[in-house]
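Heads up: the structure comes next, in structure tokens.
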């Protein structure tokens, strides 16, 4: 577990690694769709290995986890769904309206493909797990998924999608949330219901 | 839709892009855990952008999809769970035993993190969707997820995991499959049940 950093230092690191991570996202896509000459691919490979060596000159032995700033900010930069330093992350930017409804707009390109031209069903599950879970988090008490039930109404085309979730019912330790995924034309593609558990706060 | 390529050309491309994709996987991890000096990070960023330019000198405008070789082989290189050209993919290598049981062993590092030191619940869902679905595919008739129900029994620590799935019951068009995810010590972490639909074969 790393020591907390100041909010200013967090901003500096986010400005440094955020754009780098965006470039890695573009690289992931290029590696899938490239039809370049063999010599160009080999040279690209060598450049990537050089970049890895530079970044690995000092490497945290631990996964990023959840870190805090000295001002109480929470950093989830390594998170696979929303981390600004994780190139796998879409990243998911969740907004909450005044009724606690959580939503996120995403652009899903080639790298999230399952069936041809469509989003992998498991990626739909990842998005919905995260957005439904977001209705259940409380300050200092992140919720864990207990159950998640998904109904695939129609295939989800690659492109723009929107996920929404809201609370169905709630107790002190448990939130039942429901939600849905819609494609770029607003058509429903996946419905979800989940139970999210809040472990007791540490005293 | 690209023209089929020969099996020999497919091998050449796999030998070219497979190792490059592995380097991108290492890069994703390094971008999360790097604590390098700012000048090294900036230089790495510039190398990544150069690699993107080389790979993008000729770029397929379409997602990879599912392609075939002239010998009838199937290429799913862009698939987010199993694609050899998709750096997001673990990749999932599924083996089938004589009873149709599907299984996969994976090593999940920092890039698949949700809760600190643990696999994101949505990544567990992605793995199980894919492995359960693998019990339902038939030659030329890939199955689509109809429903997927997940029960999270315990958090899944990052590291080695094993997923298994088997058929519970089956009709001509539909397979009900069940499966589970276990951590490196063999402890059950997630249970899954899903209905997978095989669209009618094209005539």
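Computed from the coordinates by the stated procedures, all read-outs in this text should not be read as laboratory data. Keep in mind that what you see is a predicted model, and the values were worked out from it rather than measured. So basically every Cβ, Gly included, is an ideal-geometry build from the backbone, and we count neighbours across all protein chains shown.
Computed FRET efficiency, Cβ-Cβ of residue B:35 and residue A:151, R0 45 Å: what is it to the nearest 0.05?
Once rounded, the FRET efficiency stands at 0.55.
Would you work out the Kirkwood radius for the protein assembly as shown? I mean one over the mean of 1/r across all pairs of different Cα atoms, in Å.
21.7
Quickly work out the residue B:191-to-residue A:11 label distance, labels modelled 7 Å from Cα along the C-beta direction, and quote it in nm with one decimal.
5.0
State, to one decimal in nm and shortest first, how far the label point of residue B:140 sits from each corresponding label point in the other identical copies (label point: 7 angstrom along Cα-to-Cβ).
Label-point distances to the other copies, shortest first: 6.3 nm.
Go ahead and estimate [θ] at 222 nm for chain B from helices alone: -39,500 (n - 2.57) per DSSP H run with n ≥ 4, summed, over the residue count, rounded to 500.
Helix contribution divided over all residues of chain B: -10000 deg cm²/dmol.
What nm value, rounded to one decimal, do you get for the distance between residue A:170 and residue B:173 when each label is placed 7 Å out toward the C-beta?
Result: 4.1 nm between the two label points.
Considering every pair of different Cα atoms, what Kirkwood radius, in Å, is found for chain A?
18.9
Take the Cα radius of gyration of the range B:1-89 and divide it by 2.2 N^0.38 Å, with N its residue count; two decimals is plenty.
1.29
When only C-alpha pairs under 8 Å and at least 6 residues apart count, what is the relative contact order of chain A, in percent?
Dividing the mean separation by the residue count of chain A yields 16 percent.
If I model the range A:92-197 as equal point scatterers sitting on the Cα atoms and use the Debye formula, what is log10 I(q)/I(0) at q = 0.19, 0.20, 0.21 Å⁻¹?
Results for the range A:92-197 at q = 0.19, 0.20, 0.21 Å⁻¹ read -0.87, -0.95, -1.03.
From the label point of residue B:93, set 7 Å from Cα along Cα→Cβ, how far away are the matching label points in the other copies, in nm, ordered shortest to longest?
3.9
Among B:112-122, A:177-187, what's the highest-first ranking by average C-beta atoms within 10 angstrom per residue?
B:112-122, A:177-187
Considering only C-alpha atoms, what is the centroid distance from the range B:89-105 to the range B:112-136, in Å?
Their Cα centres are 14 Å away from one another.
As an exercise, use a Förster radius of 25 Å and the Cβ-Cβ distance of residue A:137 and residue B:160 to find the FRET efficiency, rounded to the nearest 0.05. Please report the intermediate quantities before stating the final value.
Working: r = 29 Å, r/R0 = 1.15.
Efficiency, from the Cβ-Cβ distance: 0.30.
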